Amino acid sequence: MRFRIMLLFTILFITLTKTVVFAHGSNQGGSDHHARVGELANFEGKLETTGEGKSPYEVQFHALRLEDGAEILSIKSNSTDGSYKFAMQFFDGAEHQVSIALINPATKSVLVEKKLSVEVEGFHPPFAVKFKTLAFLLFVIAFGMVVGVSVSRWGKTKRNWKGDHPHVA
Amino acid sequence: MSHKFEHAKKYNVKNMFLSLPVQLSAVLFLAGIVIYTTLFSGYAPVHDAVHELRHALMFIPCH
């Protein structure tokens, strides 16, 4: 009885704690751009050139997670006048740095570079997402158990069919 | 005159919990609790402990 009450309290405690824990440095504020996890964030603008090199320029887009310095995305595009338009989804509710660089295609030198700090807002996973994921994982485990039991029973049947009785000494 | 009820021993609650389907269901239930706690719980100590695992799994796209 005591065990059941403890189990009930444990489950209630875990499920009712709605505290959202953000990754390190995600709530420092003062960033250039704001985004939400799992939603498309648009980066649009124009990098002014001083007339060096010949168009079309290469536009290099980098997204870096500041928490551990991991490169999240790196894509390249072309632009004739230095304008750019990128869209990406952030996976982690932490602070990121996005850098957009205009590159001279002939010399591969960086003509202009713009760095933006992006504060990505993390939020608690929606109930539907949690339910679906949990159901999928439990299905995998249940499937494994069914296969395990079936294999075990099949082996037993096969041994009995052969006349082998390992339980008989 | 004595009466023995053998069936009462066979179908009691203890034996019912020793049956394979009930045991598998119990394992599945416990697995559900562990998975929920590890991957979805907002409880700070648990979250911090498995933060890297969540990222490595690429399974839950928000936190």
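Among the listed pairs A:K76/A:K132; A:K85/A:K115; A:K85/A:K130; A:K54/A:K115, give every one whose C-alpha distance is greater than 25 Å. Among A:K76/A:K132; A:K85/A:K115; A:K85/A:K130; A:K54/A:K115, the Cα-Cα distance tops 25 Å for A:K76/A:K132; A:K85/A:K130. Here the spin labels are modelled as points 7 Å beyond Cα on the Cα-Cβ line, and at B:F29 and A:K156 they lie 2.3 nm apart.
Across region A:81-95, computed HN-Hα scalar couplings (Karplus, 6.51 cos²θ - 1.76 cosθ + 1.60, θ = phi - 60°) run 10, x, 7, 9, 8, 10, 9, 8, 10, 9, 9, 10, x, 9, 6 Hz from first to last residue, x flagging Gly and Pro.
Note on A:T10/B:E52: beta-carbon distance plugged into 1/(1 + (r/R0)^6) with R0 of 30 Å gives a FRET efficiency of 0.75. Across region B:6-57, the convex hull enclosing all Cα atoms gives 85 Å³ per residue. Each residue of region A:114-125 was assigned a 3J(HN,Hα) from its phi angle through the Karplus curve 6.51 cos²θ - 1.76 cosθ + 1.60 (θ = phi - 60°); the sequence is 10, 10, 10, 9, 10, 9, 9, 7, x, 8, 5, x Hz, with glycine and proline shown as x. Here the gap between A:V140 and A:L116, fully extended at 0.36 nm per residue and compared with their Cα-Cα distance, gives a gain of 4.5 nm.
Once you list every other residue whose beta carbon is under 11 Å from the beta carbon of A:Q89, what net charge do they have if Lys and Arg are +1 and Asp and Glu are -1? Computed value for this residue: -1. D by Stokes-Einstein for region A:28-169, Kirkwood Rh over Cα pairs, 4 °C, 1.567 mPa s: 66 µm²/s. Taking a ≥ b ≥ c as the square roots of the eigenvalues of the alpha carbon gyration tensor, region A:125-169 is prolate, as a/c is not under 1.5 and a/b beats b/c.
A short reminder: the numbers here are calculations on the coordinates, not readings from a lab. Since this is a predicted model, take the numbers as computed values, not measurements. When we count neighbours, we look across all protein chains shown, and the Cβ atoms used for this are built from the backbone with ideal geometry, even at glycine.
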